[in-house]
Amino acid sequence: MTHRPLGIAADEPVRVVLAGAGAMGRAWLQVISVEPGVELAGVADVNLGVARDAVAQAVARGGSPAVPVGGDVVVLARETAAHAVVDVTVPSAHHPVTTAALLAGLPVLGEKPAAATLAEALSLCAAAEVTGELFMVSQSRRWNPRLAAFGEAARALGPVATLTTQFFKAAHFGGFREEMADPLLVDMAIHAFDSARFLLRSEPATVYCEAWNPPWSWFSGNAAASATFAMDDGARYVYDGSWFAPGAETSWNGAWRAVAEHGTVCWDGEAAPVAFTEPDHAGRRYVDGPADPAGGRPVPVADGPEGIAGALRAFVAAVRSGRTPDGEVHGNVMSLAMVEAAVRSAATGRWVLLDDVLEDAHRAAVRSEPHAGVRAALRAWPDPRSGLADAATTA
Ligand SMILES: NC(=O)c1ccc[n+]([C@@H]2O[C@H](COP(=O)([O-])OP(=O)(O)OC[C@H]3O[C@@H](n4cnc5c(N)ncnc54)[C@H](O)[C@@H]3O)[C@@H](O)[C@H]2O)c1
């Protein structure tokens, strides 16, 4: 989807208001303070004390100015002449906060998930269309040069038939994650699902998922899941994860394997990926030199900003230029659709069609979107896949 560029001079900083000054909001304050060409204009939180505390902490750490705080992000953005909003509120606030900002003419960079539900995420796509403003979702684990190198190396070896993620952590968070239903699928697996779409350059068609929890788990909801997605090009993406897995833990990025026609590429989620290829295959992508004992060779990795710093840099370039960034909401929502489809499959014990999940969410969005113009834009979509068609250019 094309959006309006900001129209500010190249040497003028993009002034942003941060919405949501909780744990992740504070990480964003740190990244905003060191990013060239970006200036913090204010911090909004429904809990003003939290906003004040976050600003004081950032000032004490150095690099951040003592900016104004407020309870309403749009009011604060107007008062501080901000150009854009970084939405790091709780997921249930993503839809109202981002909609209000877009309608006020402010582009938004939002934390994952795009919204608390797929229906709300579809509404946010329509809100971006109606306003012509950019809404980009920061899916932080996608911004990793080693992940990109893994995908390039795998795709260079011919069609990828199988992509797998193993994700095993003994995660003791306390708080809401230990009480919610399906914590692993809803709160964590979206990172891996989103990366799978990024790596395979294809979209999911169906999923079968099982989710479970042993009696000794410290989570109330199912904190283990195993999901097989059939992608629309015939490849399979297999996710196997647990948050109650003491010992031999994987990286927070998971451990990955891609099986392609002319070889296999593995990535432990941290170091450079390792390619196992036919030696003279034209598409091979690895660093020349002796192979490891198993015959693998490391894949070259480019430099680049990682995590939320990578997302912020891409967002700033996009609002300046008008170009569509990776993570534009239309291109992101299929990752949330994968989560909802996996949860539905685990609940019903059946294969689930992604199209059914999208159609149900679209109907729910049309029913519940409060803004008449946004509702009309949603109604105008011939069907959800067509409505998301721009995703093809950004995924
Ligand atoms: N990318 C990652 O690796 C990663 C990691 C952790 C969290 N997150 C995401 O970041 C977001 C925030 O998570 P968190 O852990 O910081 O949560 P948190 O609960 O610590 O902080 C959220 C803050 O949002 C504020 N808030 C709620 N409604 C608001 C509104 N309408 N306007 C302004 N502020 C409002 C709350 O008062 C709270 O201070 C979530 O979407 C979460 O999924 C991403």
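What to note about this one:
- Every residue from the range 1-45 that is buried (at least 17 other Cβ atoms within 10 Å of the Cβ), in the same structural domain as E129 (by TED's automatic domain parsing) and assigned to a loop (DSSP other than H, G, I, E, B): G20, A21, E35, D45
- Residue list for the range 118-143, filter: touching a helix residue (DSSP H, G or I) at 6+ places or on another chain (Cβ under 7 Å) and not in a helix (DSSP H, G or I): E133, L134, F135, M136, V137, S138, Q139, W143
- Looking only at the range 58-74, and only at residues there that are open to solvent by 40 Å² or more (accessible area, probe 1.4 Å) and either near the ligand (Cβ under 10 Å from one of its atoms) or touching a residue at least 24 places away in the same chain (Cβ under 8 Å) (or both), the one that is nearest to V34 (Cα to Cα): G63
- From T264, T277, T206, residue being more than 14 Å from A189 (Cα to Cα), out of contact with any Lys or Arg (no Cβ under 8 Å at 6 or more places or on another chain) and open to solvent by less than 40 Å² (accessible area, probe 1.4 Å): T206
- Every residue from the range 41-52 that is more than 10 Å from the ligand (Cβ to nearest atom) and not hydrophobic (A, V, I, L, M, F, W, C): G42, R52
- When the residues of the range 172-186 are filtered to those that are at pLDDT 95 or above and under 23 Å from G269 (Cα atoms), the one that is surrounded by the most Cβ atoms within 10 Å (Cβ to Cβ) is L185.
- Comparison of A225, A272, A314, A245 shows that the only residue that is at negative phi, buried (at least 17 other Cβ atoms within 10 Å of the Cβ) and not assigned by TED's automatic domain parsing to the domain that holds K169 is A314.
- Taking the listed residues L147, L124, L109, the one that is surrounded by fewer than 23 Cβ atoms within 10 Å (Cβ to Cβ) and within 15 Å of the ligand (Cβ to nearest atom) is L147, with no other qualifying.
- Summed over the range 80-106, residues that are assigned to a loop (DSSP other than H, G, I, E, B), near the ligand (Cβ under 10 Å from one of its atoms) and of a type in the set (S, T, N, Q) total 1.
- Scanning the range 150-177 for residues that are within 14 Å of the ligand (Cβ to nearest atom), in a helix (DSSP H, G or I) and at negative phi yields F176, R177.
Conditions tested, residue by residue: (1) hydroxyl-bearing (S, T, Y); (2) modelled with pLDDT of 95 or more.
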{"site": "A224", "(1), (2)": "no, yes"}
{"site": "G234", "(1), (2)": "no, yes"}
{"site": "D240", "(1), (2)": "no, yes"}
{"site": "A282", "(1), (2)": "no, no"}
{"site": "Y286", "(1), (2)": "yes, no"}
{"site": "P293", "(1), (2)": "no, no"}
{"site": "G304", "(1), (2)": "no, no"}
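The values are calculated or read from the model by the stated rules, or taken from the named source; none is laboratory data. What you see is a predicted model, and the numbers here were worked out from it, not measured in a lab. Note: ideal-geometry Cβ built from the backbone for every residue, glycine included; neighbour counts use all protein chains shown. Surface areas here come from the heavy atoms of the whole protein model, side chains and all, with no ligands, DNA or RNA. Shrake-Rupley method; radii C 1.70, N 1.55, O 1.52, S 1.80 Å.
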